[in-house]
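Structure first, then comments.
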Amino acid sequence: MLITFDPFRTIGIPNVTYIKPENIFKEIDKVKGADYILFPEYWQVNSLVYGLKKKIFPNISTYQLGHNKIETTRALWATFPNNVPYTQVLSRNDVNIETIEEEFGYPLVAKEIKNSMGRGVFLIKNRQELKNYIDNNSVLYIQEKLPIDRDLRIVYVGNKVIGAYWRIAKEGEFHNNIAKGASYDYTNIPQEAIELVERVATTLDINHAGFDIAVVGNNLYILEYNVMFGNEGLRNMGIKVEEYIYEYISTDFDNPNNPNTPIYSRAS
């Protein structure tokens, strides 16, 4: 039996029972009897995995490393440091504006540590904007501004990349997010970017994520990854994420110790 706490992300998966997240403890017997728990909310994860020993999708490492940008960045610093833009994580209490200005210059990028779809990502062009960001965030995430007008969204589900596309910012705009008005381009996807995402996902044991990759000359930079990514770009390619999820967890049912050979599907 499969249980989902997010019915919209599991439409099309057979034999799924939906439980409202707030009813988890009222329905605890159903939860205990489930073979897999799909898309729990973050506050449920520790109880499900460590308390009830349940299998969840996405898996625990995907949730914990993707919970905020700091966790993601620290994991990447440890494993793929050459693929991370120059970044500083600072406490507001210890911040020195002059030091930030000296290290990054303007413009720089400042981010809220828990946000997605372009929300909470700011192009900072002067000291006043930097002060405003500092005043509104107790933990500061400061990153170099890369010379790009687009990035790659590469989606990894289960044990493989299932789709990739460019997100191109509107002319004169900073954000590459579709939610911010960017457009799609499904052509000329760099093979080396696909391979980087495969290595990162395998190394960090991530099984459901949309990776945002910047291409600067011959260099690839991981901007972030989102656990709960948007599916519109994939739907335009005719890709149904839920089919890949079901394929992955079904294989796990058959043999939980069987590593599948990574393959990928992308537009050419």
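Only the coordinates and a few stated rules stand behind these numbers; no lab work does. It should be emphasised that the depicted structure is a prediction, and the values quoted were computed from it without experimental measurement. Every residue, glycine among them, receives a Cβ derived from its backbone with ideal geometry; neighbour counts consider all protein chains shown.
Couple of notes before you dig in:
- With respect to the stated conditions, Ile154 is part of a strand (DSSP E or B) and either touching a helix residue (DSSP H, G or I) at 6+ places or on another chain (Cβ under 8 Å) or surrounded by fewer than 21 Cβ atoms within 10 Å (Cβ to Cβ) (or both).
- Test: residue in the range 182-197 that is part of a loop (DSSP other than H, G, I, E, B) and within 20 Å of Lys145 (Cα to Cα): yes
- The selection criterion, being in contact with a helix residue (DSSP H, G or I) (Cβ under 9 Å, 6 or more places away or on another chain), closer than 26 Å to Leu234 by Cα, outside any strand (DSSP E or B) and free of Cβ contacts under 8 Å to residues at least 40 places away in the same chain, holds for Lys170.
- Test: residue in the range 47-56 that is more than 24 Å from Tyr225 (Cβ to Cβ) and part of a loop (DSSP other than H, G, I, E, B): yes
- All of (1) in a helix (DSSP H, G or I); (2) at positive phi hold for Thr72 with one exception: (2).
- Options Leu90, Leu38; residue that is over 24 Å from Val155 (Cβ atoms) and touching a residue at least 12 places away in the same chain (Cβ under 8 Å): Leu90
- Criterion applied to Glu129, Glu144, Glu102, Glu171 was being touching a Pro at 6+ places or on another chain (Cβ under 6 Å), surrounded by fewer than 18 Cβ atoms within 10 Å (Cβ to Cβ) and of a type in the set (Asp, Glu), and the one residue passing it is Glu144.
- Yes/no for Thr79 being of a type in the set (Val, Ile, Thr) and more than 30 Å from Phe57 (Cα to Cα): no
- Test: Lys114 is surrounded by 18 or more Cβ atoms within 10 Å (Cβ to Cβ) and closer than 25 Å to Val197 by Cβ: no
- Residue ID - nearest to Ile37 (Cα to Cα), chosen from residues in the range 1-22 that are out of contact with any Lys or Arg (no Cβ under 8 Å at 6 or more places or on another chain) and hydroxyl-bearing (Ser, Thr, Tyr): Thr4
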